[in-house]
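Worksheet for the structure shown next.
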Amino acid sequence: MESSRRIAHLDMDMFFAGVELLRYPELRGVPMVVGGRSAHAPQLLPDGSRRFYRLRDYVGRGVVTTSTYEARALGVFSAMGMMRAARLAPDAVLLPADFEAYRHYSRLFKQAVATVAPRMEDRGIDEVYLDLTDHPEESRALALRIKQAVREATQLSCSICIAPNKLLAKTGSDLDKPDGLTILDEASIPTRIWPLNVGKINGIGPKAAQKLAALGIVKIAELALADAALLQAHFGLSYANWLIAVAHGRDTRAVITNSEPKSVSRETTFERDLHVRRDRETLSGAFTALCTRVADDLKRKGYAGRTVGIKLRYQDFRTVTRDLTLPMPTQDATTIRRAAGECLKRVPLDRKLRLLGVRVSALSQGAGLTEDDNPAQREFLFGEAEAVRCHRYCKN
């Protein structure tokens, strides 16, 4: 382990919900879920108060975007099906997602962090890595100053961990939430990391955790002591070696501050394995949402891409990818959705799915093809009959 390094992971606390609470402060302390449709926006009443929809009002196949800690105490977490969430917390307030507002506050908190610690790797709308190795300030004081800068810029709290590498920093930022400040070193691994469940390691999903549990490995400490041959037999050589390394807190990845991205991607692991036909609406909604989020990421970062790809992971952990290269770059959600649908036609859909992902690569700076472009261009891209261009299992 490179103990001389100081790497921080900063994660905004319940970010989307926190932004909504700035708008609706009367909901503080109340179970609240973000994930409704625009029809679920609060209604302003004649007396100036608001009428909020409740989770029990929701009907559909959507998933929870985020929830407040009060809703999480009732068992409602992000990526959970909304109907299941409604059974757990029917009286929770339901709000639609406002990604324009979330992107605005994302820019604010990252600008604030950069004034204190400019060596930053952007990891998404609500988290960043920081390389603090050469920063002269002591770790705890520096972390407090970063947290204060974020609060002054956004009125929101964040949790931060400073550790010798990205793996420990990422794990540690979740240890003392909300508003956490955690300092980890190599000596902290047995006391703070090993007692955690293996699923707390970023990269070990629910299915892998289940397979490990079947082998009698539940805690990270047990994984650290596991027989390498046993892990290789069940997970393959590469993944087994990775499991052993992360269990011991080893990670040599650098904080990438100025590199040009090679691709922009989004993926989701489903709460349960989904059947292509029986869960068609859920899969279709998730597929379209991923394409939309990739398009939003491209626009936010100022890129367009020519190659659209998909990633599927089946219930048996086998993973397949397919891609399609377009004649010109795009950052348009509809264009990405259609191209991804073409890729979907080229993979077998005879087994349940546990993960779905969408990626755009071959990036260039600037805008790409949109729905306002020349119709002849779209016909060249997608053919004469657009109705047959989307897979029958993933209709809009």
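Numerical summary
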read-out	value
Residue list for region 13-43, given a label point 7 angstrom along the Cα-to-Cβ vector of Gln155 and an amide N cut-off under 15 Å	17-29
Spatial separation of Cα centroids for region 141-194 and region 26-41, in angstrom	28 Å
Virtual spin-label span in nm between Ala229 and Lys177, 7 Å along Cα→Cβ	4.0 nm
Pairwise FRET efficiency - Thr115 versus Arg300, Cβ, R0 = 22 Å, nearest 0.05	0.60
Overall form of region 216-325 per C-alpha gyration tensor (a/c, 1.5; a/b vs b/c)	oblate
Cβ crowding within 10 Å averaged over residues, with 351-357, 228-234 ranked highest first	351-357, 228-234
Farthest toward positive dipole pole in region 100-231 [+1 Lys/Arg, -1 Asp/Glu at C-beta], among Ile220, Ala208, Ser173	Ala208
Potential lengthening between Ser4 and Phe77 on full extension [0.36 nm per residue; Cα-Cα distance subtracted]	22.6 nm
Added length on full extension, which subtracts the Cα-Cα distance from 0.36 nm per residue, Arg50 to Lys207	52.3 nm
Whole-Hz couplings from phi, Karplus 6.51/-1.76/1.60, listed for region 298-311; x for Gly and Pro	4, 5, 5, 8, x, 10, 10, x, 9, 10, 10, x, 10, 9
Förster radius 51 Å - calculated FRET efficiency between Arg28 and Ala187 (Cβ-Cβ, nearest 0.05)	0.85
Heavy-atom accessible area per residue - the chain, 1.4 Å, Å²	48 Å²
Over 29 Å (Cα to Cα) - which of Lys166/Lys352; Lys110/Lys177; Lys219/Lys345 fall in this group	Lys166/Lys352; Lys219/Lys345
Pair Tyr239, Arg280: separation of 7 Å Cα→Cβ label points (nm)	3.0 nm
Accessible surface of Leu44 - all protein chains present, 1.4 Å probe, nearest 10 Å²	130 Å²
With DNA, RNA and ligands ignored, accessible area of Ser4 (1.4 Å probe; Å², nearest 10)	100 Å²
Rounded if a/c under 1.5, otherwise prolate or oblate - the chain, Cα gyration tensor axes	rounded
Sulfur and carbon atoms: percent of accessible area, the chain [1.4 Å]	50 percent
Set of aspartates and glutamates near Lys147 by C-alpha distance (under 12 Å), chain-local residues within fewer than 8 positions excluded	Asp11, Asp13, Asp179
Leu196 versus Leu88: modelled label distance in nm, points set 7 Å from Cα along the beta carbon direction	2.0 nm
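The values are calculated or read from the model by the stated rules, or taken from the named source; none is laboratory data. Since the structure is predicted, the reported quantities are computational estimates derived from the model, not experimental observations. Here Cβ is always computed from backbone atoms with ideal geometry, including for glycine, and neighbour counts include all displayed protein chains. Accessible surface is based on the protein model in full, side chains and every heavy atom, while ligands, DNA and RNA are left aside. Shrake-Rupley method; radii C 1.70, N 1.55, O 1.52, S 1.80 Å.
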